[in-house]
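K.L.:
Before we start, here is the structure in question, set down as structure tokens.
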Amino acid sequence: METLNFDFPASRPVSRRVHVGVVGSGDLEILLEPLEDERALVVVRTSADGFGEVWRNVLDRFFSRNDVAASIEINDQGATPGTVSLRLAQAVEEARS
Amino acid sequence: MSAPSIPRVHFTELSARERAKALLEAGTFRELLGPFERIESPHLSPQGVVPQSDDGVVVARGTIDGSPAVILAIEAAFQGGGIGEVSGAKIAGALELALGDAEAGTPVRPVLVLETGGIRLQEANLGLLAIAEVHAAIIALRRYVPVVGVIAGPLGCFGGMSIAAGLCSYLIMTREGRLGLNGPAVIEEEAGVAELDSRDNRRVWDIMGGEQRVAVGMADTLTEDDPDSVARAVREAFAAGLPERHRSAKVERYETRLGVIDSSQELDGQKLRSIWAEERR
């Protein structure tokens with residue numbers, strides 16, 4: 001297991017906290033909460049060691065396309081980059097609905 | 001007559017949280033110790049296992065047929081529904097609170113949605129203790145209000161939690177569900193592939209599948225795998241009230257049942273049904 005921390009610039013707040021997903025094989029859970037600061041703070045705990053660069057790329061791409069000021073906790077059980085992006089999009093959509 | 005065009009939703013495709021919502025009256029779901037309380041297992045992370053924010057158990061209050069209810073739903077996808085210190089304490093604690101309510105004359109209807117291989121091996125002893133507390137709480141609580149168990153998915157219910165299932169006042173299963181003290185892989189590992197091939201699904205379900213368990217009286221209701229059918233079966237179980245005697249209190253009955261089995265003979269599901277049918281009245 002590995003813990004990774006990321007910090008992205010952001011300005012658009014979310015209105016409510018959201019929980020999506022499950023820590024099951026090939027999946028992950030996301031806890032997304034409003035944050036006062038103009039940043040997206042992401043903490044990832046992943047079962048797959050050595051994928052820090054992949055996480056940085058996936059999250060870089062997501063936050064370059066989505067302006068989300070929030071605190072985001074991810075508990076990952078080997079989700080693919082596609083699944084990670086979909087779960088993030090789901091969480092942001094629900095937090096803004 | 002045309003077939004209904006509404007797409008079928010399977011109960012077993014729902015997450016534990018969605019299952020709890022499906023069993024409660026619309027709009028009454030309220031979660032206790034939810035994900036943002038972050039009551040996760042302290043034992044997994046030191047062993048290199050990623051924890052889940054609710055430790056794989058959803059505790060939900062709401063109403064069933066207008067009466068207060070508490071649903072304890074195990075998430076199958078997280079650690080095979082394995083019970084650890086925290087997830088076990090959530091179940092036992094909720095049942096103990098329900099016992100307090102029942103003793104005070106304001107019973108809460110308890111429903112266990114069981115989808116578990118039993119103990120979570122990473123926290124074996126603490127999981128065992130928690131499951132013992134769950135057993136004790138069910139026995140205390142079922143004097144006041146029926147405790148209803150649901151085994152819906154193909155993961156099934158095994159190990160110490162199968163004993164919890166056996167203690168329930170009423171047990172509802174789908175055809176996909178399985179119930180056994182030992183899971184098929186454990187039996188194969190311990191007794192050899194000649195005893196049971198755990199990959200032989202037909203044989204596994206013939207022994208421990210929902211249809212067989214209901215046919216031989218180890219479970220009460222066979223239901224379709226859709227949210228409305230499962231919710232209806234749960235409502236009907238509570239409407240039936242307390243059983244005259246709980247299954248696990250019928251010791252003589254099961255001693256008699258074991259007595260009529262000749263273990264030197266090959267046995268299958270059908271044969272067991274016919275052997276036990278004679279003493280079922």
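The values are calculated or read from the model by the stated rules, or taken from the named source; none is laboratory data. From a predicted model like this one, the values you see are computed outputs, not experimental measurements. Every residue, glycine among them, receives a Cβ derived from its backbone with ideal geometry; neighbour counts consider all protein chains shown.
K.L.:
Kindly state which strands (runs of 3 or more DSSP E) lie completely within segment B:64-160 and contain at least 1 residues that are of a type in the set (D, E, K, R).
P.N.:
Working: elements: B:67-74, B:109-113, B:148-151.
Fully inside segment B:64-160 and qualifying: B:109-113.
K.L.:
Here's another thing I want to ask about it. Right, B:A124: aliphatic (A, V, I, L, M) and under 25 Å from B:R235 (Cα atoms) or not?
P.N.:
On the way: aliphatic (A, V, I, L, M): yes; under 25 Å from B:R235 (Cα atoms): no.
In short, no.
K.L.:
If we scan segment A:72-80, do we find a residue that is out of contact with any Leu (no Cβ under 8 Å at 6 or more places or on another chain) and β-branched (V, I, T)? Before you say what the answer is, go through the steps one by one.
P.N.:
Taking segment A:72-80 first, the residues out of contact with any Leu (no Cβ under 8 Å at 6 or more places or on another chain) are A:78, A:80.
Restricting the remaining residues to those that are β-branched (V, I, T) gives A:80.
Yes, segment A:72-80 contains a residue that is out of contact with any Leu (no Cβ under 8 Å at 6 or more places or on another chain) and β-branched (V, I, T).
K.L.:
Quickly run through segment A:20-30 and pick out the residues that are under 11 Å from the mean Cα position of the chain (by Cα) and without any contact (Cβ under 8 Å) to a residue 60 or more places away in the chain. Can you show your working first?
P.N.:
Of segment A:20-30, the ones under 11 Å from the mean Cα position of the chain (by Cα) are A:20, A:28-30.
Within segment A:20-30, A:L28, A:E29 meet the criteria.
Residues are listed down the side, and each one gets a yes or a no for (1) charged (D, E, K, R); (2) outside the structural domain of B:L121 (by TED's automatic domain parsing); (3) closer than 15 Å to A:N75 by Cβ; (4) modelled with pLDDT under 95:
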residue: B:R17; (1), (2), (3), (4): yes, no, no, no
residue: B:T28; (1), (2), (3), (4): no, no, no, no
residue: B:L32; (1), (2), (3), (4): no, no, no, no
residue: B:I39; (1), (2), (3), (4): no, no, yes, no
residue: B:D55; (1), (2), (3), (4): yes, no, yes, no
residue: B:I64; (1), (2), (3), (4): no, no, no, no
residue: B:V70; (1), (2), (3), (4): no, no, no, no
residue: B:Q79; (1), (2), (3), (4): no, no, yes, no
residue: B:E85; (1), (2), (3), (4): yes, no, no, no
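K.L.:
Now for a separate question. Report the residue count in segment B:19-56 for those that are over 21 Å from B:D101 (Cα atoms) and under 19 Å from the mean Cα position of the chain (by Cα).
P.N.:
First pass over segment B:19-56, keeping only residues over 21 Å from B:D101 (Cα atoms): B:19, B:21-22, B:26-27, B:34-56.
Still in the running and under 19 Å from the mean Cα position of the chain (by Cα): B:19, B:21-22, B:54-56.
Residues in segment B:19-56 being over 21 Å from B:D101 (Cα atoms) and under 19 Å from the mean Cα position of the chain (by Cα): 6 in total.
K.L.:
Scan segment B:15-59 residue by residue and report those that are facing another protein chain (nearest Cβ under 9 Å) and in contact (Cβ under 8 Å) with a residue 60 or more places away in the chain.
P.N.:
Here is the first cut: in segment B:15-59, the residues facing another protein chain (nearest Cβ under 9 Å) are B:15-17, B:34-36, B:38, B:40, B:44-45, B:47-54, B:56.
Within segment B:15-59, B:S15, B:A16, B:L44, B:Q47, B:V49 qualify.
K.L.:
Also, quick follow-up: Out of all the residues in segment A:56-71, is one or more more than 10 Å from every other protein chain (Cβ to nearest Cβ), assigned to a strand (DSSP E or B), farther than 16 Å from A:L86 by Cα and touching a residue at least 60 places away in the same chain (Cβ under 8 Å)?
P.N.:
Step one: of segment A:56-71, the residues more than 10 Å from every other protein chain (Cβ to nearest Cβ) are A:56-71.
Now narrow it down to the ones that are assigned to a strand (DSSP E or B): A:69-71.
Checking which are farther than 16 Å from A:L86 by Cα leaves us with A:69-71.
Still in the list and also touching a residue at least 60 places away in the same chain (Cβ under 8 Å): A:70.
Within segment A:56-71 (the criterion being more than 10 Å from every other protein chain (Cβ to nearest Cβ), assigned to a strand (DSSP E or B), farther than 16 Å from A:L86 by Cα and touching a residue at least 60 places away in the same chain (Cβ under 8 Å)), the answer is yes, since at least one residue qualifies.
K.L.:
For residues that are surrounded by fewer than 17 Cβ atoms within 10 Å (Cβ to Cβ), on the phi < 0 side of the Ramachandran plot and more than 10 Å from every other protein chain (Cβ to nearest Cβ), tally how many sit in segment A:27-50.
P.N.:
Restricting attention to segment A:27-50, the residues satisfying the condition of being surrounded by fewer than 17 Cβ atoms within 10 Å (Cβ to Cβ) are A:33-34, A:36-38, A:43, A:48-50.
When the remaining residues are screened for being on the phi < 0 side of the Ramachandran plot, the result is A:33-34, A:36-38, A:43, A:48-49.
Filter once more, so that each one left must be more than 10 Å from every other protein chain (Cβ to nearest Cβ): A:34, A:36-38, A:43.
Residues that pass the stated criteria total 5.
K.L.:
Still on this structure: When you look at B:E103, is it within 14 Å of chain A (Cβ to nearest Cβ), over 21 Å from the mean Cα position of the chain (by Cα) and over 26 Å from A:D49 (Cβ atoms), yes or no? Walk me through how you get there before you give the answer.
P.N.:
Numbers: within 14 Å of chain A (Cβ to nearest Cβ): no; over 21 Å from the mean Cα position of the chain (by Cα): yes; over 26 Å from A:D49 (Cβ atoms): yes.
Criteria not met by B:E103.
K.L.:
A further question on this structure: I'd like to verify a number: residues in segment A:24-55 that are in a strand (DSSP E or B) and under 20 Å from A:Q90 (Cβ atoms), how many? Spell out how you get there, then give the answer.
P.N.:
Initially, segment A:24-55 is screened for residues in a strand (DSSP E or B), giving A:28-34, A:39-46.
From what is left, the residues that are under 20 Å from A:Q90 (Cβ atoms) are A:28-34, A:40-46.
Qualifying residue count for the region: 14.
K.L.:
If you check B:E189 against the conditions, is it surrounded by 12 or more Cβ atoms within 10 Å (Cβ to Cβ), touching a residue at least 24 places away in the same chain (Cβ under 8 Å), in the same structural domain as B:V108 (by TED's automatic domain parsing) and not polar (S, T, N, Q)? Steps first, please.
P.N.:
Working: surrounded by 12 or more Cβ atoms within 10 Å (Cβ to Cβ): yes; touching a residue at least 24 places away in the same chain (Cβ under 8 Å): no; in the same structural domain as B:V108 (by TED's automatic domain parsing): yes; not polar (S, T, N, Q): yes.
When the stated conditions are applied, B:E189 does not pass them.
K.L.:
A:A79 - would you say it is among the aliphatic types (A, V, I, L, M), part of a loop (DSSP other than H, G, I, E, B) and in contact with a strand residue (DSSP E or B) (Cβ under 6 Å, 6 or more places away or on another chain)? Quick ask: steps written out before the conclusion?
P.N.:
Details: among the aliphatic types (A, V, I, L, M): yes; part of a loop (DSSP other than H, G, I, E, B): yes; in contact with a strand residue (DSSP E or B) (Cβ under 6 Å, 6 or more places away or on another chain): yes.
Against the criterion (among the aliphatic types (A, V, I, L, M), part of a loop (DSSP other than H, G, I, E, B) and in contact with a strand residue (DSSP E or B) (Cβ under 6 Å, 6 or more places away or on another chain)), A:A79 qualifies.
K.L.:
Could I ask something else about it? The conditions are (1) of a type outside the set (D, E, K, R); (2) free of Cβ contacts under 8 Å to residues at least 60 places away in the same chain; (3) surrounded by fewer than 17 Cβ atoms within 10 Å (Cβ to Cβ), and B:S229 fails exactly one of them. Which is it?
P.N.:
Just one mismatch for B:S229, condition (2).
K.L.:
May I ask you to list the residues in segment B:141-171 that are within 10 Å of the chain's Cα centre (by Cα) and β-branched (V, I, T)?
P.N.:
Those that are within 10 Å of the chain's Cα centre (by Cα) and β-branched (V, I, T): B:V148, B:V150, B:I151, B:I163.
K.L.:
Shifting gears a bit: If A:G82 passes every condition in (1) over 24 Å from B:G81 (Cβ atoms); (2) among the small types (G, A, S); (3) buried (at least 16 other Cβ atoms within 10 Å of the Cβ) but one, which one does it miss?
P.N.:
(3)
K.L.:
Could you tell me whether any residue of segment B:11-18 is over 21 Å from the mean Cα position of the chain (by Cα) and basic (K, R)?
P.N.:
Checking segment B:11-18: not a single residue is over 21 Å from the mean Cα position of the chain (by Cα) and basic (K, R).
K.L.:
Still on this model: Within segment A:13-26, take every residue that is in contact with a strand residue (DSSP E or B) (Cβ under 6 Å, 6 or more places away or on another chain) and more than 14 Å from B:G56 (Cα to Cα) and give me the one that is farthest from the other protein chains (Cβ to nearest Cβ). Even if it seems obvious, please write down each step before you answer.
P.N.:
Step one: filter segment A:13-26 for residues in contact with a strand residue (DSSP E or B) (Cβ under 6 Å, 6 or more places away or on another chain), giving A:13-14, A:17-23.
Now narrow it down to the ones that are more than 14 Å from B:G56 (Cα to Cα): A:13-14, A:17-18.
Values: A:P13: 17, A:V14: 14, A:R17: 6, A:V18: 10 Å.
If we take residues in segment A:13-26 being in contact with a strand residue (DSSP E or B) (Cβ under 6 Å, 6 or more places away or on another chain) and more than 14 Å from B:G56 (Cα to Cα), then A:P13 is farthest from the other protein chains (Cβ to nearest Cβ).
K.L.:
For residues that are crowded, with 20+ Cβ neighbours inside 10 Å and among the small types (G, A, S), scanning just segment B:60-79, find the one that is nearest to the other protein chains (Cβ to nearest Cβ).
P.N.:
Narrowing segment B:60-79 to residues crowded, with 20+ Cβ neighbours inside 10 Å: B:60, B:62, B:64, B:69-79.
The next check asks that each one be among the small types (G, A, S); those that pass are B:60, B:62, B:69, B:73, B:76-77.
Values: B:A60: 14, B:G62: 18, B:A69: 22, B:A73: 12, B:A76: 8, B:A77: 3 Å.
Once the filter is applied, the top-ranked residue is B:A77.
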